[in-house]
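Reviewing the structure listed below.
The values are calculated or read from the model by the stated rules, or taken from the named source; none is laboratory data. This one's a predicted model, so the numbers in the text were calculated from it and none came from an experiment. Cβ placement follows ideal geometry from the backbone for every residue including glycine, while neighbour counts extend to all protein chains displayed. Just the protein is used for accessible areas: all its heavy atoms, side chains included, with ligands, DNA and RNA removed. Shrake-Rupley method; radii C 1.70, N 1.55, O 1.52, S 1.80 Å.
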Amino acid sequence: MRDFITALEFLTRVRFSNRKEWHNEDFGRSVLWFPVIGLFGGAVLCAVNWQLTLLNVPNLLRAVLLIVVELFFFGGLMYDGYMDTCDGVFSARDRERMLEIMKDSHVGANAVLGVGILLLLKLSLFATLEPMQLSLGFLFAYVLTRTVMAIYIVAYPNPRNNGIGKMFKDYAKTWYPLLGVMILGILVYEFGWFYGAGALGTFVIMNLWALYLKNVLGGLTGDTFGFLTEVGVVVYLLCIYVINYAYLY
């Protein structure tokens, strides 16, 4: 239970404990529960989306409110990593300078442009997808991205000798992502191949992104985990949008 609470408090704004001391082992063991936290967060967004749909809230307003709920529940941790990665990787500098930029607390132009594009894509997809598809999309997207994050942690090298990414990698077990794979399997069994195909497509695309970042930076850092997670949500929703369009036409 301690490891689950650690994962919940790290990945979301939910707080149950008043711990003042955090140990690296706690964070490493909490990786097992990342997909469960994704399922929990996806269920929250699913319920809110469905309720707003029943209230006949206009699509654009519903999309904005969903982004607000997402930020309120998950907080800005993943966005912070996304923005730091945009600033560093798209700076066109050498590897060491990129890593330095990513550690800098200042926000650059690439981060502002990147997060603006991210929010516009989310807003468009939240407003465009059919409500039932979006609700189930939240479940799949958040479980998938947190499962793949666990894979990044155990399977990819870290270019730094410290930081959040290194802390997770030192104590996470290689079998931890299996729980997320099992949850995804159950979801596909319950809701069908359509969402499973989107998950498969997203998994391939995000690992190509991860390989690109590994080649550029020499590995994956905590910031890149946030970048890949946020991009993964958008890619998954784009995948089910494209698959649905191809199926209908």
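Only residues that are closer than 17 Å to Gly81 by Cα and open to solvent by 50 Å² or more (accessible area, probe 1.4 Å) were counted across segment 146-168, and they come to 3.
For segment 73-99, enumerate the residues that are free of Cβ contacts under 8 Å to residues at least 12 places away in the same chain and either among the basic types (Lys, Arg) or closer than 12 Å to Asp223 by Cβ (or both).
Start the filter on segment 73-99 by keeping residues that are free of Cβ contacts under 8 Å to residues at least 12 places away in the same chain, which leaves 76, 92-94, 96-97.
Passing the criteria: Arg93, Arg97.
Of all residues in segment 54-65, those that are over 18 Å from Met132 (Cβ atoms) have Cβ atoms under 8 Å from Cβ atoms of residues that are in a helix (DSSP H, G or I) and open to solvent by less than 90 Å² (accessible area, probe 1.4 Å), 6 or more apart or on another chain, in Leu60/Leu123; Leu60/Ala127; Val64/Leu123.
Among Phe74, Phe126, which is the only one that is open to solvent by less than 30 Å² (accessible area, probe 1.4 Å) and within 30 Å of Leu178 (Cβ to Cβ)? Lay out the reasoning, then the answer.
Values: Phe126 fails: within 30 Å of Leu178 (Cβ to Cβ).
Among Phe74, Phe126, only Phe74 is open to solvent by less than 30 Å² (accessible area, probe 1.4 Å) and within 30 Å of Leu178 (Cβ to Cβ).
One residue stands out among those in segment 73-98 that are of a type in the set (Phe, Trp, Tyr) and within 15 Å of the chain's Cα centre (by Cα): the one that is farthest from Gly232 (Cα to Cα), which is Phe73.
Can you tell me which residues in segment 77-100 are surrounded by fewer than 20 Cβ atoms within 10 Å (Cβ to Cβ) and more than 26 Å from Phe34 (Cα to Cα)? Result: Phe90, Ser91, Ala92, Arg93, Asp94, Arg95, Glu96, Arg97, Glu100. Outside any helix (DSSP H, G or I), among the hydroxyl-bearing types (Ser, Thr, Tyr) and open to solvent by less than 50 Å² (accessible area, probe 1.4 Å): is that true of Ser30 in this structure? In short, no.
Search segment 51-66 for residues being of a type in the set (Val, Ile, Thr) and part of a helix (DSSP H, G or I), and hand back the single one that is least open to solvent (accessible area, probe 1.4 Å).
Taking segment 51-66 as the starting set, the residues that turn out to be of a type in the set (Val, Ile, Thr) are 53, 57, 64.
Still in the list and also part of a helix (DSSP H, G or I): 53, 64.
Working: Thr53: 37, Val64: 65 Å².
Only one residue fits best here, namely Thr53.
Would you check which residues across segment 170-197 are of a type in the set (Val, Ile, Thr) and open to solvent by less than 40 Å² (accessible area, probe 1.4 Å) and list them? Ile183, the sole residue that qualifies. Within segment 2-27, the set of residues being among the hydrophobic types (A, V, I, L, M, F, W, C) and either modelled with pLDDT of 90 or more or not in a loop (DSSP other than H, G, I, E, B) (or both) comprises Phe4, Ile5, Ala7, Leu8, Phe10, Leu11, Phe27.
Could you list, in sequence order, all residues of segment 224-249 that are open to solvent by 30 Å² or more (accessible area, probe 1.4 Å) and assigned to a helix (DSSP H, G or I)? Residues satisfying the conditions are Leu238, Tyr241, Val242, Ile243, Asn244, Tyr245, Ala246, Tyr247, Leu248.
Kindly indicate whether any position in segment 206-219 is in a helix (DSSP H, G or I), touching a Phe, Trp or Tyr at 6+ places or on another chain (Cβ under 7 Å) and open to solvent by 30 Å² or more (accessible area, probe 1.4 Å).
The first filter runs over segment 206-219 and keeps only residues in a helix (DSSP H, G or I), leaving 206-217.
Within this subset, residues satisfying the condition of being touching a Phe, Trp or Tyr at 6+ places or on another chain (Cβ under 7 Å) are 210, 214.
Adding the requirement that they be open to solvent by 30 Å² or more (accessible area, probe 1.4 Å) leaves 214.
Scanning segment 206-219, I find at least one residue that is in a helix (DSSP H, G or I), touching a Phe, Trp or Tyr at 6+ places or on another chain (Cβ under 7 Å) and open to solvent by 30 Å² or more (accessible area, probe 1.4 Å), so the answer is yes.
Annotation note: of Val69, Val107, Val48, Val36, the sole residue that is among the aliphatic types (A, V, I, L, M), surrounded by fewer than 16 Cβ atoms within 10 Å (Cβ to Cβ) and farther than 16 Å from Gly222 by Cα is Val107.
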